[in-house]
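The values are calculated or read from the model by the stated rules, or taken from the named source; none is laboratory data. No experiment lies behind these values; they were computed from the predicted model shown. Cβ coordinates were reconstructed from backbone atoms using ideal geometry, including for glycine residues, and neighbour counts include every protein chain displayed.
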C-alpha cells in the first residue's frame with residue numbers, strides 16, 4: 001500500500017509540474033486576450049443570470065444552470081481545499097488561487113460558449129453538450145471527446161463524490177460533540193442523493209437553485225463577521241499572502257511559505273479544483289440552459305468562477321491566515337493535513353466558527369455531489385447511451401455510502417490527478433476553437449438578444 005501511495009504522490013507531482021501550470025494559466029491569459037478581456041462583462045453576466053429566457057431551447061433556466069454549476073464548484077475546495085493549499089504551499093497560495101480565478105473567468109466563458117454552440121438534442125428532447133461534443137463536432141476529434149468523457153466519468157466519483165462525503169464525515173467527527181459512525185453518514189448521504197438525482201436535471205436544478213444562494217450568503221456573511229473579529233491581523237495577513245506568493249518566508253504559528261513555484265503550484269491546483277475553469281465540467285450543464293445564443297449563456301457561466309474563487313475562496317483564505325496569525329496556539333508542526341488546519345482555524349472562533357465550518361462544508365459538499373452526479377451522467381450517456389444511466393447512478397450512490405471511510409489525503413491526491421487529465425482535452429478544444437470563440441463573441445456581444453437560428457442536431461443516445 002505504501003508503494004501505491006508513493007507512486008500516486010509522484011504522479012501528482014509530475015502531472016502538476018510546470019507544463020500543466022503553464023498550460024492552464026497560459027490558456028486563461030490567452031483566452032482573456034482572445035475575448036478582448038471578457039471579464040469586463042462580468043456585471044452583464046450577473047444581470048443575465050437572473051433574466052429568464054423561457055422561449056429559447058433548453059431544459060433549465062440560465063439561473064438554474066448557473067446554480068447547478070455553482071453547486072459543483074462551491075464545494076469543499078472552497079474550505080478544505082484552500083486549507084490544503086495553505087498547508088502545502090503557504091499563505092502565498094491564496095494569491096495564486098485568486099489570480100487563477102480572475103483570469104479563469106475567460107476560460108470558463110470560452111468552454112461554456114463552445115459547449116452551447118456544439119450541443120445536440122437527444123430523441124427524448126433533452127439537451128446534451130460539453131467538451132466531448134465540441135471536440136467531435138467542432139474539431140472532428142471524437143477519440144479525444146471519448147477520452148474527456150471517460151476521464152470526467154471517473155473524476156465524478158472522486159472530485160464530485162468521494163472527497164465531498166469524506167469531508168462531511170471529517171467535519172462532523174471533529175465538531176459534533178457525540179460520535180456518529182462514518183458509515184452512518186455515508187448511508188444518510190446516499191439516501192438523500194438518490195432521492196434527488198433520480199429526478200434528473202430538473203430535480204437537481206430545482207434543489208440547487210434554492211440551496212446554493214442560501215449556503216453562499218450564509219458562508220460569506222459568516223466569514224465577514226470572522227474577519228471583523230480578526231480585523232487587527234487583516235492587513236498583516238494580506239501583506240503575508242502577497243509577499244509569500246513570490247518569496248520564501250514565515251509568519252506566526254510556524255506557517256511557512258516555500259517560494260514562488262510551490263505557492264504557484266498549489267494555488268493554481270486548488271484554484272482549478274475549486275472553480276473548475278478549464279476542466280470542462282460546468283459546460284456540461286451550461287449546454288442544457290435555455291438561451292438565445294452561445295455568448296449569452298457563456299457570460300452567465302463565467303460569473304460562476306467569480307463567485308467561487310474571487311469571492312468565496314478569497315474569504316476562506318483570509319479567514320484562515322488571519323486566524324492563524326491571531327492565535328499562536330495553532331502550531332503548524334502538529335498539523336498533518338489541510339482539513340485539520342481548517343478545523344483548527346475555525347475552532348478558534350467562539351461559537352460562530354465551528355457552526356460556519358460545519359454548515360458550510362455539509363451544504364457545500366452535498367450540493368457538489370448533486371452537481372457532479374449530473375456531469376457524470378452526461379458523460380456516461382455520451383459513452384454508452386441511456387442504458388448506462390441507472391448503473392452509473394447506482395455506482396455513484398454506492399461511492400457516497402463508502403466515501404466516509406476513505407483516506408482523505410489519498411482521495412484528494414487522486415482527484416488532483418484526474419482534474420489535470422480531464423482538463424487537458426478540454427483545454428485543447430478551447431485553444432483550437434479559439435477562433436470560433438472570438439468570432440461568436442464579436443458577433444453576439446453587442447447583440448445579446450439576437451436568436452441563434454442554427455439547427456440543433458438530434459442524436460440517438
- Taking region 231-249, which residues are surrounded by 15 or more Cβ atoms within 10 Å (Cβ to Cβ) and either outside any loop (DSSP other than H, G, I, E, B) or modelled with pLDDT of 90 or more (or both)? 233, 234, 236, 237, 238, 240, 241, 243, 244, 248, 249
- Under the condition of being out of contact with any helix residue (DSSP H, G or I) (no Cβ under 6 Å at 6 or more places or on another chain) and assigned to a helix (DSSP H, G or I), which residue from region 133-153 is surrounded by the fewest Cβ atoms within 10 Å (Cβ to Cβ)? 143
- Message: Taking the criterion of being surrounded by 15 or more Cβ atoms within 10 Å (Cβ to Cβ), over 30 Å from residue 350 (Cβ atoms) and without any contact (Cβ under 8 Å) to a residue 24 or more places away in the chain, would at least one residue in region 202-224 satisfy it?
- Response: yes
- Message: For region 83-94, give me each residue that is crowded, with 24+ Cβ neighbours inside 10 Å and assigned to a helix (DSSP H, G or I).
- Response: 83, 84, 85, 86, 89, 92, 93, 94
- Message: Can you say whether residue 339 is crowded, with 24+ Cβ neighbours inside 10 Å, touching a residue at least 40 places away in the same chain (Cβ under 8 Å) and over 30 Å from residue 131 (Cα atoms), as far as the supplied structure shows?
- Response: yes
- Query: Is there a residue being in contact with a strand residue (DSSP E or B) (Cβ under 8 Å, 6 or more places away or on another chain), touching a residue at least 24 places away in the same chain (Cβ under 8 Å) and either surrounded by fewer than 24 Cβ atoms within 10 Å (Cβ to Cβ) or part of a helix (DSSP H, G or I) (or both) anywhere in region 99-112?
  - Reply: no
- Checked region 187-199 for anything within 16 Å of residue 373 (Cα to Cα), touching a helix residue (DSSP H, G or I) at 6+ places or on another chain (Cβ under 8 Å) and part of a helix (DSSP H, G or I); matches are 189, 190, 192, 193, 194, 196, 197
- Quick one: in region 116-128, which of the residues that are modelled with pLDDT under 95 and part of a loop (DSSP other than H, G, I, E, B) is surrounded by the most Cβ atoms within 10 Å (Cβ to Cβ)? 126
- What do you reckon, is residue 403 in a helix (DSSP H, G or I) and surrounded by 19 or more Cβ atoms within 10 Å (Cβ to Cβ)? yes
- Query: Given the residues 437, 456, which is the only one that is more than 24 Å from residue 166 (Cα to Cα), touching a strand residue (DSSP E or B) at 6+ places or on another chain (Cβ under 7 Å) and either outside any loop (DSSP other than H, G, I, E, B) or in contact (Cβ under 8 Å) with a residue 24 or more places away in the chain (or both)?
  - Reply: 456
- Name the single residue, out of those in region 5-36 being within 21 Å of residue 298 (Cα to Cα) and not in a helix (DSSP H, G or I), that is nearest to the chain's Cα centre (by Cα). 35
- Query: Can you name every residue in region 349-381 that is in contact (Cβ under 8 Å) with a residue 12 or more places away in the chain and outside any helix (DSSP H, G or I)?
  - Reply: 349
- Taking into account only those residues within region 38-65 that are within 16 Å of residue 104 (Cβ to Cβ) and touching a residue at least 24 places away in the same chain (Cβ under 8 Å), which is surrounded by the most Cβ atoms within 10 Å (Cβ to Cβ)? 38
